[in-house]
Amino acid sequence: MVVEAAVTDEFRNAIAEWLVKTGCLYMVAWGDQCSEWDDAVDWVNLEDTNFEEIPDDRFVMTTWHAQESLAESIWFAKHVALHPHVLLVW
């Protein structure tokens, strides 16, 4: 997730819900308010299971990269981001 501008909470939550509902399993956030994007996806993932234990194959890993460059964050996404239970394919 490359974030270039601040958005409303409603917009961020709608996108976070879309990511979780469409099967996103790892979200790397970089840019403006990237930690809020990380939190939004985490909350939607919890809400999606009614705050019960999240099944391994539906657990969305999230990271935010406020202090790294965009290039470093993309490198992380490509070479380091691993899901503990599902093989992610580029």
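Observations, loosely collected:
- Helices (runs of 4 or more DSSP H) (entirely within the chain) containing at least 2 residues that are in contact (Cβ under 8 Å) with a residue 24 or more places away in the chain and among the small types (Gly, Ala, Ser): 34-48, 70-79
- Those residues of segment 25-37 which are under 18 Å from Val80 (Cα atoms), surrounded by fewer than 20 Cβ atoms within 10 Å (Cβ to Cβ) and not aromatic (Phe, Trp, Tyr), in sequence order: Leu25
- Output for segment 38-69, where each listed residue is touching a strand residue (DSSP E or B) at 6+ places or on another chain (Cβ under 6 Å) and over 16 Å from Thr22 (Cβ atoms): Asp38, Asp42, Thr63, Trp64, His65
- Any chance Asn50 is surrounded by 13 or more Cβ atoms within 10 Å (Cβ to Cβ) and not aliphatic (A, V, I, L, M): no
Each value in this text was obtained by applying a stated rule to the coordinates, not by laboratory testing. This is a predicted model, so every value here is computed, not measured. Here the Cβ is made from the backbone with ideal geometry for all residues, glycine too, and neighbour counts use every protein chain on show.
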